[in-house]
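J.: Please read through the structure below; I'll follow up with questions.
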Amino acid sequence: MAGNKKERGGAKRGFSLGCFAGVCHMKEQVRKYIDPGLAHAAGLAFILNFIIESLGRHSPLQSLIFLFNSPKVFLYNVLLIFITLSFSLMLKRRIFYYVVASVLWLALGITNGVILSFRMTPFTVSDLALFENGISIIANYMSTWQIVLLVLGIIAVIALFVIAFIFAPKKQNQGIPYKTNLLLIIVFCLLFAAATNAGIENRWLSKYFPNLGYAYRDYGVPYCFLNTWLIRGISTPTGYSADMVREIFDDGIPMGIDEADPAIPVLQTVEGAMRRRPNIVFVQLESFIDPNLIRGVEFSKDPIPNFHMLQQKGSTGFLRVPSVGAGTANTEFEVLTGMRIRFFGPGEYPYKTVLKETTCESACYILKDLGYTSHAIHNHRGAFYGRNLVFSNLGFDTFTSIEYMNNVKKTPRNWAKDYVLIDEIRAAMESTEGKDFVFTISVQGHGKYPEKQVISDEDLKIRVTEGIEDEAQRNAMEYYVNQLYEMDQFIGDLVEVLKDYEETVIVFYGDHFPVLDLSEEDMENGSIYETEYVIVSNFGLPKIDEHLYAYQLSARVFELLGIHSGILTWYHQTKSDYGNYLDNLKILQYDMLYGNRYIYGGQNPFEPTELQMGVREIRVDKIFNFGKSTYVVGENFTPYSKVAVNGDFVETVFVNPTILRIPDGVKSKDPLDFSISQVGKYNTVLSTLEDVE
């Protein structure tokens, strides 16, 4: 018996040792053909995606809920990150690659999380094109210590890259199965493509983002950010052809649209309102909504009494805008062109893409054919969103930005107050003898709104009396409504100033919802994509109330005036009730901007304008030395005026609109050596007076 037990024990030990040896051999075979770095990359991808979603949702718990409620979407985004990490399988410096890739993914997550604390639209690739603009206003959003931490963080990341490159271990060449790893990477990419198609077909993914914020929430940050990079412009309509475009207007267009394809029939008469040619002033109000529509919140008095008074007299309604909390330029684009932003790539700004390269039908070009001069006015940087370049392609004749303004007062958040716009609108209208189209972009109501009280008690005109218990939220709301109150005073004063001008119509509207902690459930109108508009005049336009989309607003104003020129103007005025209204609008937009321009007979009829910066002539009368300084005397200087001598800028002190001082003086007394430029941030030269004689 004892011998049998020993034999059985030896057999068991032999079997165990054999199994262990077999497992070891199997592991060696697996390691021989499958790189263990795959497990490292997969684990790291899962962790990175969890962190990115936690930052975007401002809560690790919400990231967990996303994981359990939408596991396919979560793991799909893990796969996306994993593929970017899998390229490390081909590298010797694998750890260094992990560090760089991880930092880039975390930078995406952190940037998105920070941006979502300032606005309601997530981080997109288009924001990278606005990097310079973002840097220029970073002090309006972040405190000094936050900026210092940001700089220290960037320095730390650079140091991490250097340390990882120098000290991270390298894998030996003989330890990398290149052919196998390359095959695996290809398989992973094919798997990702198959998963993408399956997700779209089964609708747990989408390529169309009607609401960018909801898309990031439902489909994940990595996937949505990738789409904002890959999907740009307007996709080619199925069956796109000249006949397809012409059929949109098979019932004809009115006389006077000379740029249209001659093959489209022309209507001899158009019924409608009496044709009038008044001055037309549009005022786009930054983050302007009616705070009385916020459920449960009461104020010490009406924050916007003048706007409400105008609504009683003029045409009014809700205005559906393309973005929330940001995206001023896109609302602006829709109003000026009649085009719908949502046909473009997710998060795209046409100002930063297609409009840098081509002209576009707009209210300016339409009115130019009727003898109007078009002016743009903005109490912020002229180069912001590239307006100083893009406005030429939209047909503007002049553009007055803050660099051409004096007496600018600032809010506690360092945004220019809107009252300065009154004199600028008057100056634009008085700079010509004919009719004017003035498009004004305000900035005073811009967020982010401070959560600490920054307006003294005696200066607070409006207080929250009910509905907000949290002190930080109450401070933010009170700051916002007090800016609204001042903007409303500007509205009332502008109407009063222009009432004695010859026939003038004024259109006020909000560009987007403010950056406040509010949702659709908090609003009486049930939407955070709706602002309001009002159309008033000093000659008795009829009051017709209706809700509009931003891309319909200009066409509606023109219809009230009996103006039917412009392809898109006529389209919105006559086709908005058709079932294929949006489909055909997309076809027209594609044809006008990316296609063969069949609607215009195959050519672009719009030439870029020679945009004049500012409407007041900057002039130099004399230059003289006094003491150690040189003085330049003239007219219409601003704090942004800089003197250059022989092409080199010199230190310039703005004394007043008629005097500039060069503290160190210059030796040259030849006026031909001097020039005066209007210079924005980052030494962006907007215009230069070369001949100062």
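Computed from the coordinates by the stated procedures, all read-outs in this text should not be read as laboratory data. The shown structure was predicted, so the numbers you read here are calculated from the model rather than taken from an experiment. All Cβ positions, glycine included, derive from the backbone under ideal geometry; neighbour counts span all protein chains shown.
J.: Mind jotting down the distance between the C-alpha centroids of the stretch 640-679 and the stretch 359-417, whole Å?
T.: 26 Å
J.: Still on this structure, please answer the following. Can you work out the FRET efficiency for the pair Asp691 and Arg277, with r the C-beta to C-beta distance and R0 = 30 Å, to the nearest 0.05?
T.: It comes to 0.25.
J.: May I pose another question? Over 5 Å intervals from 0, what percent of Cα-Cα pairs in the stretch 393-438 sits in each interval?
T.: Result, from short to long distances: 5, 17, 27, 21, 16, 9, 4, 1 percent.
J.: Next up: Give the Rg/Rh ratio for the stretch 469-603, taking Rg as the radius of gyration of the Cα atoms and Rh as the Kirkwood radius, to two decimals.
T.: Looking at the stretch 469-603, the ratio lands at 1.06.
J.: Could I have the simple spin-label model distance between Ile83 and Val666, label points 7 Å from Cα toward Cβ, reported in nm to one decimal?
T.: For Ile83 paired with Val666, the spin-label model returns 5.7 nm.
J.: Right, another one. Mind giving me the FRET efficiency for Phe68 and Thr180? R0 is 41 Å, r the Cβ-Cβ distance, nearest 0.05 is fine.
T.: 0.75
J.: Additional query: Among Lys356/Lys642; Lys352/Lys452; Lys352/Lys586; Lys410/Lys435, which pairs are too far apart, with a Cα-Cα distance over 29 Å?
T.: Over 29 Å Cα-Cα: Lys352/Lys452; Lys410/Lys435.
J.: Applying the Karplus parametrisation 6.51 cos²θ - 1.76 cosθ + 1.60 with θ = phi - 60° to the phi angles of the stretch 514-521, what ³J(HN,Hα) value in whole Hz is obtained for each residue in order, glycine and proline being reported as x?
T.: Those phi angles translate into x, 7, 10, 7, 10, 10, 4, 5 Hz.
J.: Once label points are set 7 Å from the Cα along Cα→Cβ at both Arg93 and Lys410, what is their separation, rounded to one decimal in nm?
T.: Those two pseudo-labels are separated by 4.3 nm.
J.: Along the principal axes of its C-alpha atoms, what lengths does the stretch 498-539 span, in descending order and rounded to whole Å?
T.: So the extents along the principal axes, rounded to whole Å, are 44, 17, 11.
J.: Hey, can you grab everything whose amide H is under 5 Å from the amide H of Gly220? Only 5+ residues off in sequence or another chain; H modelled, so Pro and N-termini drop out.
T.: none
J.: In terms of the ratio Rg/(2.2 N^0.38 Å) built on C-alpha atoms, what value belongs to the stretch 275-561?
T.: 0.96
J.: Is the stretch 469-519 best put as rounded, prolate or oblate by its Cα gyration tensor, with a ≥ b ≥ c the root eigenvalues, rounded for a/c under 1.5, and otherwise prolate when a/b is larger than b/c, oblate when not? Intermediate results must be reported in sequence, preceding the final value.
T.: Numbers: a/c = 6.89, a/b = 2.54, b/c = 2.71.
Oblate.
J.: What list of whole percents do you get for P(r) of the chain, with Cα-Cα distances grouped in 10 Å bins up to the one holding the largest distance?
T.: 3, 12, 20, 22, 18, 12, 6, 3, 2, 1, 1, 0, 0
J.: Calculate the FRET efficiency for Leu106 and Ala194 from the Cβ-Cβ distance with a Förster distance of 25 Å, rounded to the nearest 0.05.
T.: Efficiency for this residue pair is about 0.35.
J.: Here's another thing I want to ask about it. Residue-wise, which Karplus ³J(HN,Hα) couplings in Hz belong to the stretch 452-459, taking 6.51 cos²θ - 1.76 cosθ + 1.60, θ = phi - 60°, and x for glycine or proline?
T.: 10, 5, 10, 10, 4, 4, 5, 9
J.: May I pose another question? What do you get for trypsin sites (Lys or Arg not before Pro) in the stretch 626-665 restricted to DSSP loop and a cutoff of at most 12 other Cβ within 10 Å of the site's Cβ?
T.: Sparse-neighbourhood loop trypsin sites (Lys or Arg not before Pro): Lys628.
J.: If you don't mind, another one. Applying the Karplus parametrisation 6.51 cos²θ - 1.76 cosθ + 1.60 with θ = phi - 60° to the phi angles of the stretch 66-78, what ³J(HN,Hα) value in whole Hz is obtained for each residue in order, glycine and proline being reported as x?
T.: 4, 4, 7, 7, 10, x, 5, 5, 4, 5, 4, 5, 4
J.: So, with +1 on the Cβ of K and R and -1 on the Cβ of D and E, and no other charges, what is the size of the charge dipole of the chain about its Cα centre, to the nearest 20 debye?
T.: So the dipole magnitude of the chain works out to roughly 4960 debye.
J.: Could I ask something else about it? List every residue whose amide H lies under 5 Å from the amide H of Gly382, counting only residues 5 or more places away in sequence or on a different chain, with H placed 1.01 Å from N in the peptide plane.
T.: The list, which skips near neighbours in sequence, is Ile402, Glu403.
J.: Separation between the Lys207 and Ser300 pseudo-spin-labels, each 7 Å from Cα along Cα→Cβ, expressed in nm?
T.: For Lys207 paired with Ser300, the spin-label model returns 5.5 nm.
J.: If Rh is defined by the Kirkwood formula over all Cα pairs and Rg also comes from Cα, what ratio Rg/Rh do you get for the stretch 424-470?
T.: 1.25
J.: In addition: Report the one residue of Val464, Val505, Leu319 whose Cα lies farthest in the direction of the positive end of the charge dipole of the stretch 275-561 (charges on C-beta: Lys and Arg +1, Asp and Glu -1; origin at the Cα centre).
T.: Val505
J.: In the stretch 479-572, which GluC sites (Glu not before Pro) fall in coil by DSSP and have 13 or fewer other Cβ atoms within 10 Å? If you can, show how the numbers build up before the last one.
T.: Numbers: sites: Glu486, Glu496, Glu502, Glu503, Glu520, Glu521, Glu524, Glu530, Glu532, Glu546, Glu559; in loops: Glu502, Glu503, Glu524, Glu546.
Sparse-neighbourhood loop GluC sites (Glu not before Pro): Glu502, Glu524, Glu546.
J.: How large is Rg/Rh for the stretch 600-680, to two decimals, with Cα atoms and a Kirkwood Rh?
T.: Radius of gyration over Kirkwood radius for the stretch 600-680 works out to 1.21.
J.: For the stretch 308-387, what is the Kirkwood estimate of the hydrodynamic radius, computed as the reciprocal of the mean inverse distance between distinct Cα atoms, to one decimal in Å?
T.: Mean inverse Cα-Cα distance, inverted, gives 14.7 Å.
J.: Let me ask something else. Can you pull the Kirkwood radius for the stretch 234-342, inverse mean 1/r over Cα pairs, to one decimal in Å? Mind dumping the intermediate values first?
T.: Working: mean 1/r = 0.0531 Å⁻¹.
For the stretch 234-342, the Kirkwood estimate is 18.8 Å.
J.: Another question, then. Give, as ranges by residue number, the residues of the stretch 78-99 whose backbone N falls under 14 Å from the point 7 Å along Cα→Cβ of His40.
T.: 85-99
J.: Can you tell me the equivalent ellipsoid semi-axes for the stretch 406-507? Use √(5λ) from the Cα gyration tensor, largest first, whole Å. Provide the component values of the computation, followed by the final result.
T.: On the way: eigenvalues 217, 36, 22 Å².
Sorted largest first and rounded, they come to 33, 13, 11 Å.
J.: Separate question: For Ser687, list long-range residues whose amide hydrogen, built 1.01 Å from N in the peptide plane, is under 5 Å from its own amide hydrogen.
T.: Sorted by chain and number, the residues that satisfy this are Gln678.
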